[in-house]
Amino acid sequence: MKKIVLFSVFLFLGGAVLAQAAEISRDSHGTKIIKGFMTKQELSTDTAFAWFAQNQQGYTPEQNALQAFKANKDSINIVAFAGTWCGDTKSLLPKFFALADAAGFSQDRIILLGVDRSKKTIQHLAEAFGITNVPTFIVMKNGKELGRVVEYGKYGMFDKELGEIITSSKK
């Protein structure tokens, strides 16, 4: 009986740790920082993130990237690390979601993790993925990384590079 009780307590504590979705704070400038799991819904509806809707306006996805996302929408996942305080994230993350939406890419296939200014997130996930800059978009297939785009990527066109990573996975 004692073992069952200890096992139950262990399961409860383990579940409590895993249930920790995010830590929310404000920096010295009043900027809202999400450290941990977040969603497009949170970013698009929270008035602290007005930049989200503003930076989707006028964006047209690169056509090859759009086609790659459409053709592979049921076989890949994206893990994205972002900083709600970061200028590059504020510019690129809304565009990434506009691309995903235009391709009919399910939000369930996107894991979005916020990092603090030290590029740390909950449960050491940023360290596990080797995150040094944000945003970082990691294309995953069958649990394996196919490639990643860090900030604007090699060409200054994050979407083009994501499309190339996805397309190269078919070879």
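The values are calculated or read from the model by the stated rules, or taken from the named source; none is laboratory data. Note that the structure is predicted; figures quoted are calculated from it, not measured. When we count neighbours, we look across all protein chains shown, and the Cβ atoms used for this are built from the backbone with ideal geometry, even at glycine.
Taking residue 90 and the conditions (1) of a type in the set (D, E, K, R); (2) out of contact with any Gly (no Cβ under 8 Å at 6 or more places or on another chain); (3) surrounded by fewer than 18 Cβ atoms within 10 Å (Cβ to Cβ), which numbered condition does it fall short on, given that it satisfies the others?
Here residue 90 meets the rest and fails (3).
Looking at (1) assigned to a strand (DSSP E or B); (2) in contact (Cβ under 8 Å) with a residue 12 or more places away in the chain, find the lone condition where residue 99 falls short.
Against the list (1) assigned to a strand (DSSP E or B); (2) in contact (Cβ under 8 Å) with a residue 12 or more places away in the chain, residue 99 comes up short only on (1).
Of everything in segment 151-171 that's of a type in the set (D, E, K, R) and modelled with pLDDT under 95, which residue is surrounded by the fewest Cβ atoms within 10 Å (Cβ to Cβ)?
Checked segment 151-171; the qualifying residue surrounded by the fewest Cβ atoms within 10 Å (Cβ to Cβ) is 171.
Just give me the residues in segment 148-160 being under 20 Å from residue 129 (Cβ atoms) and without any contact (Cβ under 8 Å) to a residue 40 or more places away in the chain, in sequence order. Break it down stepwise before answering.
Of segment 148-160, the ones under 20 Å from residue 129 (Cβ atoms) are 148-154, 158.
Of everything in segment 148-160, those that are under 20 Å from residue 129 (Cβ atoms) and without any contact (Cβ under 8 Å) to a residue 40 or more places away in the chain turn out to be 148, 149, 150, 153, 154.
Can you pull out every residue in segment 117-171 that is in a loop (DSSP other than H, G, I, E, B), out of contact with any Asp or Glu (no Cβ under 8 Å at 6 or more places or on another chain) and more than 15 Å from residue 78 (Cα to Cα)?
118, 119, 121, 130, 132, 156, 170, 171
Can you find a residue that is over 15 Å from residue 82 (Cα atoms), within 12 Å of the chain's Cα centre (by Cα) and touching a residue at least 24 places away in the same chain (Cβ under 8 Å) anywhere in segment 106-116?
Yes, segment 106-116 contains a residue that is over 15 Å from residue 82 (Cα atoms), within 12 Å of the chain's Cα centre (by Cα) and touching a residue at least 24 places away in the same chain (Cβ under 8 Å).
Out of 92, 113, I need the residue that is part of a strand (DSSP E or B) and within 25 Å of residue 28 (Cβ to Cβ). Which one?
113 is the lone residue from the list that is part of a strand (DSSP E or B) and within 25 Å of residue 28 (Cβ to Cβ).
Could you list all residues from segment 139-150 that are among the hydrophobic types (A, V, I, L, M, F, W, C) and surrounded by fewer than 21 Cβ atoms within 10 Å (Cβ to Cβ)?
Answer for segment 139-150, where residues must be among the hydrophobic types (A, V, I, L, M, F, W, C) and surrounded by fewer than 21 Cβ atoms within 10 Å (Cβ to Cβ): 140, 146, 150.
What pairs come up if the first residue lies in segment 56-84 and is touching a residue at least 12 places away in the same chain (Cβ under 8 Å), the second is part of a loop (DSSP other than H, G, I, E, B) and among the aromatic types (Phe, Trp, Tyr), and their beta carbons are under 9 Å apart, counting only those six or more places apart or on different chains?
69/105; 70/105; 72/105; 73/105; 76/105; 78/105; 79/129; 81/129
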